[in-house]
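Notes to accompany the following structure.
The values are calculated or read from the model by the stated rules, or taken from the named source; none is laboratory data. These numbers come from a predicted model, not from an experiment. Calculation scope for accessible area: heavy atoms of the full protein, side chains included, ligands and nucleic acids excluded. Shrake-Rupley method; radii C 1.70, N 1.55, O 1.52, S 1.80 Å.
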Amino acid sequence: MGWVLTTAFAAVQAAGELVTGEMGLNLSAMLDPMTGNRSTVVATLYQTIAGLIFVGIGAHRWVVAGLARSFERIPVGSFSLGIESPSQLVLVVTRFMEAGLSLAAPVLVAMFVVTLLLGVVSRAVPQLNILDTGYALRVGAAFGSLILLLPALRIGLESLFEVARSAYFEALPASH
């Protein structure tokens, strides 16, 4: 059950890392005290928003309810995994990967459009140094699209946590 929640938040961090890579801010990583790894600014922002939405939609209550239910369904000293086959495990991981990619997709599409526009400008005005002006423009456009697409991020995170909820309770075996 803990693995399910960790994987859900790992999908959120992966989405933030994708966006950071597209923005060009990979070198601005800082130490994440939770994992001991380096984490980028946008990934930290995504995880903070995910944590707030997690508590905001009341997901912390179903985590506690699932923990209480696990003591009923799995008596102390006995354990059997509720996921019957490896194909179900692969399906859960696939759903999390899809959800993580869908969190990053709106900003990635916006950055792709900015890249296309910069390519057109560089062809139209070859005297302009696109590397100098383009970097600042890409970062500004990425942060602008992040701000504009926050409602879409909320909807995506809610659907991700719904996937996590179903996978969380599927991990519990049927009651004896």
From phi via Karplus (6.51, -1.76, 1.60), per-residue ³J(HN,Hα) for segment 59-70 in Hz, x at Gly/Pro
5, 5, 6, 6, 5, 5, 5, x, 5, 5, 5, 5
For the chain, the longest principal axis of the Cα atoms and the Cα long axis of helix 130-148 enclose an angle in degrees, to the nearest 10, of 40 degrees
Over the chain, with neighbouring protein chains present, the accessible area per residue in Å² at probe 1.4 Å is 59 Å²
Tell me the mean residue ellipticity at 222 nm calculated for the chain from its helices only (DSSP H runs of n ≥ 4, each -39500 (n - 2.57), averaged over every residue, nearest 500).
-26000 deg cm²/dmol
Tell me, what ³J(HN,Hα) does each residue in segment 90-96 have, in order and in whole Hz, if you take phi through Karplus 6.51 cos²θ - 1.76 cosθ + 1.60 with θ = phi - 60° and put x for Gly and Pro?
5, 5, 5, 5, 4, 5, 5
Under 5 Å from the placed amide H of Ser39, counting only residues 5+ away or on other chains, we find Met30, Leu31, Asp32
Carbon/sulfur accessible area of the chain, % of total, 1.4 Å probe, equals 70 percent
Integer Hz, Karplus 6.51/-1.76/1.60 couplings in order for segment 8-13, x for Gly and Pro
4, 6, 5, 5, 5, 5
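When only the heavy atoms of the protein chains count and the probe is 1.4 Å, how do Met1, Met111 rank by accessible area, highest first?
Correct descending sequence by accessible area is Met1, Met111.
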As a test of reading the structure, rank Ser122, Ser87 by solvent-accessible area (1.4 Å probe, protein chains only), most first.
Ser87, Ser122
Using alpha carbons only, how many angstrom separate the centre of segment 128-149 from the centre of segment 100-127?
9 Å
Any idea what angle helix 41-56 forms with the longest principal axis of the chain, computed on alpha-carbon atoms, 0 to 90 degrees, nearest 10?
40 degrees
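Taking 10 °C and 1.306 mPa s as the conditions, I'd like the Stokes-Einstein D for the chain in µm²/s, using the Kirkwood hydrodynamic radius from alpha carbon pairs. Present the calculation step by step, with values, prior to reporting the outcome.
Numbers: Rh = 18.2 Å.
For these conditions, the coefficient is 87 µm²/s.
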